[in-house]
Amino acid sequence: MEYGAEHQRSQLSANGRPPARRRGLPTLVGALVALTLLAAWSAAVPDRFTAVFDSLVALDLEQGRIDTPMPAPQAGQWISQSFVPRHDGLTEIEVTLLRYGDPDPGESATLALELLDGQGQVVAEKMLQTVRLAHNQVERLTFAPQPDSARQRYHLRILGSADNPVSAWGYSLDVYEHGAVRLDGKAVEGQEPGSAKDLRFLTRYKLSWGGAARALGEAIFYEGAFFILALIFLPVPGVLALYLYRRGALRGGGEQARAAVVWDPGAWWGSALALGVAIWPVLWLWSTAMGMHWRGWSLAVLVAGGWGAAAWLWWRERRRSFVLPNGEGTLPLALPWVWGHAWLLLLLVLGFAARLLAARDVTFLPWVDASRHGLITAVMAQTGQVIRNYAPYLPVDRFPYHFGFHTLSTSLNLLSNWPLERLLLSLSQLLNALVPLTMFAGLWLLVRRQKAALLAGFLVALPFFFPAYYTTWGRMTQLTAVLLLPVLLAFTWWLVRGKGGWTGTWWLVGVLVAGLFLIHVRVFVYLLPFPLLLWLISRLRNTPRLAAAGGLALVLVLPHLLHLRADVNPERPLGGSIPDYNEFPLSYITTGWERAFLVAAALGLLVVLYGAWRRKRWVILPLVLLAWIAVLLGLLSVDRLGVPLPALFNLNSMYIILFVPLAMYLGIVADRVWSWLAGQGRLWQWLGYGVTGALLAVLVVFGGRQQVMILNAQTILALEEDVPALRWMNENLPADATVAVNSWRWLGQTWAGSDGGAWILPVTGRAVTTPPIDHIYNPELFAEVRAFNEEATVVTNWSDPAQAAWLTEQGVTHVYVGKRGGFFDPAQLHRNPEIDLIYSRDGVFVFALTGPGQ
């Protein structure tokens, strides 16, 4: 290969560089200095430190409903709200104030907020001049984190002076199970004491080291068995594929066979994982084409048999070596684990821990796509086949979407019977945490330099905004696609740039391309310029092998292509007429330190251009990566020139995969800089490695904090309180019930569930007025859902019996109001004489329509 062609044995020796201890000491010193400075800065200017590195303060409790004004507490009177925090570290409580009458400039009244613990001791207090308080003002009481606040009872007390005109908002139904509002003293004339059951309030907590450790322990305790099962299931077909590939490469012999069969262990497992993720959809596709149905026992037999075959192949090869060409000796077929792999394991553990902590307070996979994935998984688990329609869940007789990810979620569902919402959330965090492994594998296969591959893996594990942010969208299909993308790029490079060898690489590329197409069509399309550029700069080299890989991929996905032949673009209802659908996502660049990485890439271009001027062959790969990005940006910007762009593609969906080439590019450039430093004098070596250590320390601190707090609270629709309600509905509602749910206009004319009601169909099988967004594939159903929601959103009084009659006319038998809620007001529904409240717990309500026609 052009870049990194040094012998594998060089990775186990100094290779002419300073001893490891000479490189490690200045790196360690630089890291310690950076951490010391950060600690001093955080102590001296904590506000500035928090502004740069974000705060580890998160939402604990939230009661956001408002419909009842509380009396203004005056001398000798107070309002109290009791609550029990879920987490240690309680540090803030927030209420919404209201004002009676207009403010008087000469007003001298005061309002006090006090927080009392369970023993009645004042934890914090705040005095406010009411003249400065506006109607509906949100006021916060902030205090030092309470270390043992979890499951302890606290009281927020609001007191006022004799002429105080300010109070707080509450809600007329009991929406918080573990506390209540209380009035003491005589109420203001005209107000009914106790008319509100709970204040509108929320609390926040600061995550401590102990809290983080407990959250990780709980995640491993409850989901550990699932994680182990997934790690056993995902790579097994890839392991067998790599053994078959190596046998063919060994028979080919020669210089290229050495590079093909002697692998870094981390790269081997990363490649096996990527291949396994790609092969499972192909297996499901062809088993469905042959009329087979998967069940848990048959999948278990297949996985056990696969690992048995892999163990047998390993046993046969455990003592074999590869004879180097030209009589240079022998090498083992796999390099041993060395210190570099300890760093790889550490970054994988850190990345996984950060992702588990990010989801510590999340129960359902966030956002709109999540319930779609739940629905598709539920359909496939029932049939044991690749989905072709949505029966019996939805009257949709076509499936133009990609299903590759859902073969993984469905297989694990059949093997474990894990609750659907937990399975999808846990699988999302596991796959996200495994992207650094395939990134390491991909770049190692490309350049055969461990430090470059480690840096690329580190960047996507911690400091990069993507792929971690995928979870906040529930964007599982694209996440799974980028998981295998680095390895596919590497094998494609091998196939096109290889010189007359690389036996078997063509079929690995074919399998990976087929899997990518089945997992995510858009990412597959975005990949295509990469092999085309390679093919052109290689002067059409290895055209037959490239054609063979493409032909194999075509054959492997042929049953799905035949199924799609009558389907139109599945995204047309979502994107075609949406304003600004293809705007460049500038907000991603301004998030976190993304601009710093782009600046680093620009500075790295100087290193690449210098290498090109010196005619260094290693520059080919970073230049191709840059050209690939430039081509994608150009092709997706043609609409600026008046050229229509298919609605399936946009700059947003493309930009969020660019972290793959960016991490590879930065890893290559940094490794070249480090190599240059190794050949300089002691002063330059110490300076370079010291700066490296300092930067890595800062990136670990910054990246860890960013990852832990990366989820966008606005995208979390279904909450923990919705789980028991869904279980209750599954056990108590008739199978033919139709449930009205809250929703909102999501994209174009498409409506999506806005709270836990989005999960009713996949979890319980009960029909809902707004199913997951796959309902767009049936035009009649799409129109019905849109018409219902457009009319429901303009209703202002659900207590009117006429609204109950209208719901009955729509075929509705029940109404669900989740914790997050929407246009259905549970207090108004409760006052409707034609509607009965049949479930109420912690802010989640289920109502039954009882009027005529029910």
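The values are calculated or read from the model by the stated rules, or taken from the named source; none is laboratory data. This structure is a prediction, so every number in the text was calculated from the model and none was measured. Virtual Cβ from ideal backbone geometry, glycine too; neighbours counted across all protein chains shown. Calculation scope for accessible area: heavy atoms of the full protein, side chains included, ligands and nucleic acids excluded. Shrake-Rupley method; radii C 1.70, N 1.55, O 1.52, S 1.80 Å.
Observations
- Simple spin-label estimate for S108 and V794 gives 5.4 nm between the two label positions (7 Å along the Cα-to-Cβ direction from each Cα).
- For the chain, the longest principal axis of the Cα atoms and the long axis of helix 450-461 meet at an angle of about 20 degrees.
- Virtual paramagnetic centre 7 Å along Cα→Cβ of S675, amide N under 18 Å, in the stretch 587-618: 604-618
- If you model the stretch 639-719 as an ellipsoid using its alpha carbon gyration tensor, with each semi-axis the square root of five times an eigenvalue, the axes come out at 38, 23, 8 Å, biggest first.
- Volume in Å³ per residue [convex hull over Cα atoms, computed for the stretch 684-751]: 172
- Classification of the stretch 123-182 by its C-alpha gyration tensor yields an oblate form. The axis ratio a/c (a ≥ b ≥ c) is 1.5 or more, and b/c is at least a/b.
- Probing with 1.4 Å while keeping every protein chain in the model, the per residue accessible area of the chain equals 41 Å².
- Only Lys, Arg, Asp and Glu carry charge here, each on its Cβ (+1 for the first two, -1 for the last two); on that basis the chain has a dipole of about 5580 debye about its Cα centre.
- By the equivalent-ellipsoid construction on the alpha carbon gyration tensor, the stretch 634-686 comes out with semi-axes of 42, 11, 6 Å, ordered largest to smallest.
- In the list (1) 1.30; (2) 1.05; (3) 1.21, the label attached to Cα Rg over 2.2 N^0.38 Å as derived from the coordinates here is (2).
- Rh by Kirkwood over Cα pairs, then Stokes-Einstein D for the stretch 105-207 at 0.890 mPa s and 25 °C, µm²/s: 160
- Helix axis angle, 659-678 relative to the chain longest principal axis, alpha carbon, degrees: 60
- Descending semi-axes in Å of the stretch 115-158, equivalent ellipsoid built from Cα gyration tensor: 25, 11, 10
- Simple rule: put +1 on each Lys or Arg Cβ and -1 on each Asp or Glu Cβ in the chain, find the dipole, and look at G498, H178, T764; the Cα lying farthest toward the positive end is G498.
- Neighbourhood charge, 10 Å Cβ-Cβ cut-off, centred on L430 and excluding it, Lys, Arg +1 and Asp, Glu -1: 0
- Extension reserve of the E780-R841 stretch, reckoned as 0.36 nm per residue once the Cα distance is removed: 18.4 nm
- Extended-chain gain in nm, criterion 0.36 nm per residue less alpha-carbon gap, W312 and L528: 74.0 nm
- Farthest toward the positive end of the dipole of the chain, out of G120, G703, W209, is the Cα of G703, where the dipole comes from beta carbon charges about the Cα centre.
- Of the solvent-accessible surface of the stretch 691-822, computed with a 1.4 Å probe over protein heavy atoms with every protein chain present, carbon and sulfur atoms account for 54 percent.
- Between the Cα long axis of helix 296-317 and the first principal axis of the chain there is an angle of about 30°, rounded to the nearest 10.
- Fully extended contour minus Cα-Cα distance, from I228 to R388, at 0.36 nm per residue: 54.6 nm
- For the chain, lysine pairs with C-alpha atoms less than 25 angstrom apart, excluding pairs fewer than eight positions apart on the same chain, total 8.
- Whole-angstrom gap from the stretch 695-760 to the stretch 266-290, using each part's C-alpha centre: 29
- Where only DSSP H runs of four or more residues are counted, the chain gives -16500 deg cm²/dmol as its mean residue ellipticity at 222 nm, each run worth -39500 (n - 2.57).
- At the listed q of 0.09, 0.16 Å⁻¹, the Debye profile of the stretch 715-854, built from one uniform point per Cα, gives log10 I(q)/I(0) equal to -0.23, -0.76.
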